[in-house]
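In what follows, a single structure is set out as structure tokens and then discussed.
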Amino acid sequence: MRVTKRTNIALRVMMFCAANPGRLATKAEISQVCQTSENHLAQVINQLAQIGLLHTQRGRNGGLSLARPPHDVTIGEVFRALEGPLPLAECFSDTDDSCPLISACRLRLALQDAAEVFFAHLDGITLDALVCDNPALMHLLTPPACAAQTRSTMPSPA
């Protein structure tokens, strides 16, 4: 199984917002920190907002934030929303009946079971679990402007 670029970007956006609570994040800073184009980002942000995972605010002081607390968002939920039903083999597609083994093949059932186990595992992982107590990730997801601000407001060593 392969995660699509859209889902990968969505998870980066969600982790960025979880790592920067209490403020609206901008598309530009997420694009810079997560190293993705603003075009792809805009599409993903729109989709996440439509399904109720992100709150967006337009305007000069606009930006985005999580619509729910990170402990209420499961990674399985994000995957299902963005990936939809996963066609793991051509026989999963109702439009293409090109497999001559479909009437007797047990692979389809095995793959369906595997996909269910995959999603069940991701349902047990919250966004909070990916971000909390992960200082290396927090360092990566802190925008350069915020990092400079934090350093300038910290007392200098004596």
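Read-outs: derived from the displayed coordinates by stated rules, not from any lab. Keep in mind that what you see is a predicted model, and the values were worked out from it rather than measured. Positions of Cβ are backbone-derived with ideal geometry, glycine not excepted, and every protein chain shown enters the neighbour counts.
Modelling each spin label as a point 7 Å along the Cα-to-Cβ direction, I'd like the R68/K27 distance in nm, to one decimal.
2.5
For a footprinting-style exposure proxy, rank M14, M138 by other Cβ within 10 Å, fewest first.
So the ranking, lowest neighbour count to highest, is M138, M14.
Quick check: from the Cα gyration tensor, does region 1-82 come out rounded (a/c under 1.5), prolate or oblate?
Note, shape of region 1-82 comes out oblate.
Among E29, E83, which comes first, second and so on when ranked by fewest other beta-carbon atoms within 10 Å?
Least to most surrounded, the residues fall as E83, E29.
Quick check: residue separation of N8 and D133 times 0.36 nm, minus the Cα distance between them. What number comes out in nm?
42.9 nm
Which residues in region 1-42 place their backbone N less than 20 Å from a point set 7 Å from the Cα of I125 along the Cα-to-Cβ direction?
Within reach of a label on I125: 1-20, 34-35.
Length gain on complete extension for the stretch A115 to C99, per 0.36 nm per residue less the alpha carbon to alpha carbon distance?
Taking 0.36 nm per residue and subtracting the Cα distance, the gain is 3.7 nm.
Roughly how many nanometres apart are two label points built 7 Å out from the Cα toward the Cβ at L140 and L107?
3.4
For the modelled label position 7 Å from the Cα of Q57 along Cα-to-Cβ, which residues of region 1-31 have backbone nitrogen atoms closer than 20 Å?
13-31
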